[in-house]
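Notes for the one structure printed next.
The values are calculated or read from the model by the stated rules, or taken from the named source; none is laboratory data. Only a predicted model underlies this, so the values are computations on that prediction, with no experimental measurement involved. Please note: Cβ atoms are built from the backbone with ideal geometry, for glycine as well, and neighbour counts cover all protein chains shown.
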């Protein structure tokens, strides 16, 4: 009889853990630390800070143009190219930049986009290598464009601080690009199920 009682108590505790975990809000946290324009005229905006998905919109009116957003993620995440709206043509070769930053100094640790040197003439923080947004002229699977309007550019990046930017040297002269930063947040119930399983296993051992 004692065996059944111990097992029942453990199951009840596990069920409470499961319910509490399910009720708790998902841990979220894309935090935007800074947005800036390094050259030219346009805008950089970031939204969704404090949630598991953040949106970065970068638009420009004339070239050359450069702008970026700095953000911090507290869980592994993907960077997704959502759309490019422009008055350009299939020859568009605008570049995007993704860098790993040291926190809290903000210094660049590593540049992850290095397919092309098309951003070598960018001003300030964006100068150097980059990957193309548009498919034309690009030389890797990281390229995105009209034929791939929604494309995952990077997957399973580790938590930390990063810089996401765009540089356009010539065309399109007027355009906007949108990127999504999507954290991989586990379902809250998963934690409860794990706790329940561990408690049940422990109860079974005690019963034996």
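List of remarks:
- Candidate set: segment 109-119, residues that are at pLDDT 95 or above and exposed (fewer than 15 other Cβ atoms within 10 Å of the Cβ); chosen: the one nearest to residue 96 (Cα to Cα): 110
- One residue from 100, 79 being assigned by TED's automatic domain parsing to the domain that holds residue 126, under 18 Å from the mean Cα position of the chain (by Cα) and within 20 Å of residue 124 (Cα to Cα): 100
- Residues of segment 133-175 satisfying the condition of being assigned to a loop (DSSP other than H, G, I, E, B) and at pLDDT below 50: 136, 137, 138, 139, 140, 141, 142, 143, 144, 146, 147
- Matching entry among 56, 80, 35 (being over 22 Å from residue 170 (Cβ atoms), part of a strand (DSSP E or B), touching a strand residue (DSSP E or B) at 6+ places or on another chain (Cβ under 9 Å) and at pLDDT below 95): 80
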